[in-house]
Amino acid sequence: MIRETVYEYWENPLPSLQERSFDFNLLCLDLINDIVGIRRAGKTYLMFQIIKYLTEKEKLNKKSTIYVNFENRKLYPLKSKYVNDLVELIYEERLLDKFEKIYLFLDEIQNLQNWEKYIRNIYDEFKGRIKIFLSGSNMKLLGREYVHLLSGRHITLVLYPLSFEEFLKFKGILPKRKNIILEKERAIIKKALNEYIQYGGFPEVVLSGLKEKILQQYFSDIISRDVVFKERIRKDIALLEELSIYLISNIANLTSFRRLTNLFNSRGMKITLPTLIHYHNLFEDAFLFFSTRIFSYKIKDQLQHPLKLYCVDTGLVNACGFKFSEDLGRLYENMVAVELKRRGKEIYYWKDKQQREVDFVVKERLKITQLIQVCLNLEDERMTKRKIQALLEASKELNCNNLLIITQNEEGKEEIKGMQMIYKPLWKWLLTDTE
C-alpha cells in the first residue's frame, strides 16, 4: 500500500493552499526538520507549501519528493516496515541516480511504531542525499528516545494556528506598508482583530462559515484522538473532559493543581494529585495548553507557586469554555502569551509578596529583556495604577527598563517615576516585532 500511496501523490496535483510564514533557509541545513503543533494548525499544508517551493521555485521534479500521511486510512493497519518499503521504492525508481537529493515528507509519523530507529538509520545512511521532514500532533514526537537517537541531527519548528499577520493575509486585508498604516486600513485591521480574538487562527476556521461548530469538533477530536486514544485511557474519560472544560474556562488565571484536585474530589470525581498533573501534561503534549511559571532564580520557588495557564487558540476558548464578564482582558492576555511563544520567547509571570503581578517577564539566556502588562482600558484608573505599580516594582527587582503596556486602543509613551512606559495597542504589537 505504501507504493500505491506514493504513486498517487506523484500523479495528483498538490491542493491549493494559502502560504504560511516559513524560513526556507532551513532547507539548506543538513538536518531532519520536525514540524510539530496542535491538530489542524496546518502542518500538512506547510509540507505541501515546501514541496510547492521545491517544485516551482527550485524547479525540482516532483518525483524527487515523496509525501506520506500516516493517518491515511489506506495504510491501516500501520506497519513499521513501511519506512523500509519507502527506501526500496527509492531504489526501484532509481531516484538517487536521477536526482541530486530526495525530499522525504512523513506526516504524523508518531503513529508508526519504532519509527525513531528507522529515521535514524535513513539519516545516517543517506546523509546529504535524503532530506527528511517529519510532522506530528503530539509532543511525544520529540520524546526521550527520539531526542537521544537523533541528538544533533534535527531541528524543530512548532507550528501554531495563524498569527494575526497570517490571518490578515488569509483574509486578503494585509496593509500595503507594514510601518505606515493608513486610517482606513487601521479601522479594517481593528475589526479583523475582533474576529481573530473571537474565532482564533485555525486555517480551516478562518476560511469557513461554520466557525464555532468546527472549533467544537476540533476540541473534541484533540481530547479523543490525541489524549484518550493515544494514551489508551479506558477510565476517567468523563473526568478528562470535565478537566479540559475547567482549564479552557480559566485561561490566564493562576492554577494550583492541589486546589484543583480538592475541587474535583469535593464534587465526587475522585482523582489523585499525580494523576491530575499527568492529565494536564497530556493536554500540553497535545499542544492544547501551555503554562508559565513564576519568575524566580530559585527552581524551588518556580515549582511551589501556581502555574498560569493559556490555550493555544482563543477560538477554542470562546467555542468550548464558559464565558465570564472579564473574558476580553483574559483573551487579550492569552493572545499575547501565544504570540510570545510563537516568537520563540522564554516567558514567566512575576508576583511579589504584596500580590503585585506582571503578566509577562521575557527572558533571553540570563537576561530579562522586557516586562509586559496587558491593560485593556486605561480609563480604569484603579486597574491601570495597579498594573503600572507592579511594572515599576518588577523593573527595580529584575533590573529591566524595557516596560510595555499592551492596550485595546491607546498608544504613546509616558515617564513615571523616572521610568518610561510604552503603550501599544494589541493589533499593532501583533504586527510588529517585540522591542
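The values are calculated or read from the model by the stated rules, or taken from the named source; none is laboratory data. All figures in this text were calculated on a predicted structure; none of them were measured in a lab. Please note: Cβ atoms are built from the backbone with ideal geometry, for glycine as well, and neighbour counts cover all protein chains shown.
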**Message:** I'd like to know if the stretch 87-104 contains one or more residues that are within 30 Å of GLY201 (Cα to Cα), assigned to a strand (DSSP E or B) and assigned by TED's automatic domain parsing to the domain that holds ARG129.
**Reply:** yes
**Asked** (1) in contact with a His (Cβ under 9 Å, 6 or more places away or on another chain); (2) closer than 18 Å to TYR199 by Cα; (3) not β-branched (Val, Ile, Thr): which one isn't true of SER296, the others all being true?
**Response** (2)
**Fill in**
When restricted to THR384, THR369, the only residue among the polar types (S, T, N, Q) and surrounded by fewer than 17 Cβ atoms within 10 Å (Cβ to Cβ) is THR369
**Boolean, LEU193 is farther than 27 Å from MET139 by Cβ, of a type outside the set (Asp, Glu) and modelled with pLDDT of 95 or more** = yes
**Fill in**
Checked the stretch 321-337 for anything farther than 23 Å from LEU378 by Cβ and surrounded by fewer than 20 Cβ atoms within 10 Å (Cβ to Cβ); matches are PHE322, LYS323
**Message:** Every residue in the stretch 298-320 that is of a type in the set (Asp, Glu), part of a helix (DSSP H, G or I) and either at pLDDT 95 or above or surrounded by 13 or more Cβ atoms within 10 Å (Cβ to Cβ) (or both), please.
**Reply:** none
**Request:** Quickly run through the stretch 1-52 and pick out the residues that are hydrophobic (A, V, I, L, M, F, W, C), closer than 13 Å to ILE155 by Cα and either surrounded by 19 or more Cβ atoms within 10 Å (Cβ to Cβ) or modelled with pLDDT of 95 or more (or both).
**Result:** ILE32, ILE35, VAL36
**Message:** Step by step: first the residues of the stretch 76-101, then only those that are among the hydrophobic types (A, V, I, L, M, F, W, C) and over 15 Å from TYR118 (Cβ atoms), then the one that is surrounded by the fewest Cβ atoms within 10 Å (Cβ to Cβ). Which residue is that?
**Reply:** LEU96
**Request:** Check the stretch 262-284 and report whether any residue there is within 23 Å of VAL205 (Cβ to Cβ) and either more than 18 Å from the chain's Cα centre (by Cα) or assigned to a loop (DSSP other than H, G, I, E, B) (or both).
**Result:** no
**Request:** Could you please let me know if ASN84 is farther than 29 Å from ILE223 by Cβ and of a type in the set (S, T, N, Q)?
**Result:** yes
**Asked** Do you know which of the residues in the stretch 17-57 that are of a type in the set (S, T, N, Q) and in a helix (DSSP H, G or I) is farthest from the chain's Cα centre (by Cα)?
**Response** THR55
**Request:** Report yes if some residue within the stretch 73-88 is touching a residue at least 60 places away in the same chain (Cβ under 8 Å), closer than 25 Å to LEU288 by Cβ and not aliphatic (A, V, I, L, M); otherwise report no.
**Result:** no
**Asked** Is it true that some residue in the stretch 129-149 is assigned to a helix (DSSP H, G or I), within 17 Å of LYS101 (Cβ to Cβ) and modelled with pLDDT of 85 or more?
**Response** no
**Message:** Only one of ARG73, ARG94 is modelled with pLDDT under 95, closer than 22 Å to TRP10 by Cβ and out of contact with any helix residue (DSSP H, G or I) (no Cβ under 9 Å at 6 or more places or on another chain). Can you tell me which?
**Reply:** ARG73
**Asked** If you take the residues of the stretch 155-171 that are outside any helix (DSSP H, G or I) and not hydrophobic (A, V, I, L, M, F, W, C), which of them is farthest from GLY136 (Cα to Cα)?
**Response** SER163
